[in-house]
Amino acid sequence: MNHQLKLRAALLSVLLLLLLLGIWQLATMPRASAPTAISAKDAEYAALMGQAPSAAGDTSAKVDGFPTPGQFLHIAARHLSDPFYDHGPNDKGIGIQLAHSLLRVALGYLLAMLVAIPLGFAIGMSPLLYRAIDPFIQVLKPISPLAWMPIALYTIKDSSVSGIFVIFICSVWPMLINTAFGVAGVRRDWLNVARTLEVSPLRKAFLVILPAAAPTIITGMRISMGIAWLVIVAAEMLIGGNGVGYFLWNEWNNLSLSNVIFAVLVIGVVGMLLDILFAALQKKVTYAE
């Protein structure tokens, strides 16, 4: 039954994709019109801008406006065929840009883990500490991560490190809250058994509390990763230099809507893969009582 449901869901997804592609094709089909003569002045300007007229059906020409599915696939194949080229500061392959973004996310996320998980453990095990720190969490948690960017740029004075700090500040709260909630929610009878057996606090933390709270902790990590990937794109639009967010913004400034759509889909696919990774990890640590 479960296998049939998955098969039907996959078939429905394919049908929806085909429907969207059909709508896209119909919405972007070129309208038939009589050929217009181009003046010498316009032809010279187009040549200088790299937009010289091309024969109809030539998908290698620059695509102006919203591309058709066929034009988009051609552009995507061109990017993916050589993702690591480097032709200067403003012309790098999508693989290089993606690597910069993932590195920033990994560093900021790792710093958030080093702070949030131990602090969440301490808060979850101590009602006094929870009551003392909760007001600070409630004040800082709703602040948009990008609101920290001007402060980070002023104090750190390095745009790349500032981006890592923004990832840290947006990733720390879901992990901290979920870790504290998971630790505080460990069943009392398990803790009583550990106390009866005179298990040391360190062994109790690693052998009793951590396995019991692991699914909730991983859920917080999964939420944090989703937020981090969401924020890094916006942060890179501000700090510039490199990264998939900068690539997207730079292509928009170049009026290349096709490349903008390609960058958006790359961001979505990478975000989906990161979420699948954490979902698999969460499934590994989840147990049935």
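The values are calculated or read from the model by the stated rules, or taken from the named source; none is laboratory data. Everything quoted here is computed from the prediction, not taken from an experiment. Cβ atoms come from the backbone with ideal geometry, glycine included; neighbour counts cover every protein chain shown. Side chains are part of the model used for accessible areas, which takes the heavy atoms of the whole protein and leaves out ligands, DNA and RNA. Shrake-Rupley method; radii C 1.70, N 1.55, O 1.52, S 1.80 Å.
If you average 1/r over every pair of different alpha-carbon atoms in the chain and take one over that average, what Kirkwood value in Å do you get? Mind dumping the intermediate values first?
Numbers: mean 1/r = 0.0437 Å⁻¹.
Here the Kirkwood hydrodynamic radius works out to 22.9 Å.
Using the Cα centre of the stretch 98-232 as the reference point, and only Cβ charges (+1 on K/R, -1 on D/E), how large is the resulting charge dipole? Debye, rounded to the nearest 20.
Numbers: 10 positive and 4 negative charges, 36 e Å.
Computed charge dipole of the stretch 98-232: roughly 180 debye.
Determine the sum of side-chain charges near SER171: Lys and Arg each +1, Asp and Glu each -1, restricted to other residues whose C-beta is under 14 angstrom from that of SER171. Can you show the working numbers first?
On the way: positive: ARG104, LYS141, ARG222; negative: none.
So the environment of SER171 carries a net charge of +3.
Label-point separation (nm) for ALA147 and LEU12, each offset 7 Å from Cα along Cα-to-Cβ?
Placing both labels 7 Å along Cα→Cβ, they lie 4.0 nm apart.
Taking DSSP loops as anything outside H, G, I, E and B, show the longest stretch in the chain free of chymotrypsin sites (Phe, Trp or Tyr not before Pro) there with at most 12 other beta carbons within 10 Å. The partial results should precede the final answer.
Working: sites that count: PHE84, TYR287.
For chymotrypsin sites (Phe, Trp or Tyr not before Pro) (loop position, at most 12 other Cβ atoms within 10 Å), the longest site-free span of the chain is 85-286.
Using a 10 angstrom Cβ neighbour count of at most 11 plus a DSSP loop assignment to flag exposed trypsin sites (Lys or Arg not before Pro), which longest range of the chain is free of such sites?
Values: sites that count: ARG31, LYS157, ARG187.
That would be 32-156.
For a distance above 15 Å, tell me the whole-number percent of Cα pairs in the stretch 121-182 that qualify. Intermediate values should be presented prior to the final figure.
Working: 1052 of 1891 pairs.
Percentage above 15 Å: 56.
³J(HN,Hα) across the stretch 100-105 via Karplus (A = 6.51, B = -1.76, C = 1.60, θ = phi - 60°), whole Hz, x for Gly/Pro?
Going residue by residue, I get 4, 5, 5, 5, 4, 4 Hz, with x marking Gly and Pro.
How many percent of the alpha carbon pairs in the stretch 143-259 exceed a separation of 17 Å?
On the way: 4422 of 6786 pairs.
Pairs farther apart than 17 Å: 65 percent.
Whole-Hz Karplus ³J(HN,Hα) for the stretch 155-160, in order, using 6.51 cos²θ - 1.76 cosθ + 1.60 and θ = phi - 60°, x for Gly and Pro?
7, 7, 6, 8, 5, 5
More than 19 angstrom separation, counting every C-alpha pair in the stretch 82-185; what % is that? Walk me through the intermediate numbers first.
Details: 2918 of 5356 pairs.
Here the tail beyond 19 Å accounts for 54 percent of pairs.
Solvent-accessible area of ILE227, probe 1.4 Å, all protein chains present, reported in Å² to the nearest ten, please.
60 Å²
Pairing the Cα long axis of helix 2-28 with the longest principal axis of the chain, what angle in degrees results, from 0 to 90 and rounded to the nearest 10?
30 degrees
Expected output is a single nm value to one decimal: the length gained when fully extending between THR286 and LEU20, i.e. 0.36 nm times separation in residues minus the C-alpha distance. What is it?
Working: separation 266, 0.36 × 266 = 95.76 nm, distance 3.64 nm.
Result: 92.1 nm gained on full extension.
Can you compute the FRET efficiency between ILE96 and MET272 using 1/(1 + (r/R0)^6), with r the Cβ-Cβ distance and R0 = 22 Å? Round to the nearest 0.05.
On the way: r = 21 Å, r/R0 = 0.96.
Result of the calculation: an efficiency of 0.55.
In nm, what is the difference between 0.36 nm times the number of residues separating GLN4 and LEU110 and their Cα-Cα distance? Each step should come with its number before you reach the end.
Values: separation 106, 0.36 × 106 = 38.16 nm, distance 3.97 nm.
Going from the current span to full extension adds 34.2 nm.
So, with +1 on the Cβ of K and R and -1 on the Cβ of D and E, and no other charges, what is the size of the charge dipole of the chain about its Cα centre, to the nearest 20 debye?
Magnitude of the dipole: close to 1100 debye.
Need one number: nm distance between label points at ILE156 and ARG188, each 7 Å from Cα along Cα→Cβ, rounded to one decimal.
For the pair ILE156/ARG188, the computed spacing is 4.4 nm.
Quick one: pull the percent of accessible area on the chain belonging to carbon and sulfur, 1.4 Å probe, ligands and nucleic acids left out.
Numbers: 12590 of 17910 Å².
The value for the chain is 70 percent carbon and sulfur by accessible area.
Accessible area per residue of the chain at 1.4 Å probe, in Å²? Intermediate results must be reported in sequence, preceding the final value.
Working: 17910 Å² over 289 residues.
On a per-residue basis, 62 Å².
In nm, to one decimal, how far is the modelled label at PHE66 from the one at LEU140, with both set 7 Å along Cα→Cβ?
Spacing of the two 7 Å Cα→Cβ label points: 4.4 nm.
Give LYS141/LYS204; LYS141/LYS284; LYS204/LYS284; LYS204/LYS283 a once-over and call out the pairs whose C-alpha atoms are over 25 Å from each other. Write out the running numbers ahead of the final one.
Working: LYS141/LYS204 30 Å; LYS141/LYS284 29 Å; LYS204/LYS284 21 Å; LYS204/LYS283 23 Å.
From the list (LYS141/LYS204; LYS141/LYS284; LYS204/LYS284; LYS204/LYS283), the Cα-Cα distance tops 25 Å for LYS141/LYS204; LYS141/LYS284.
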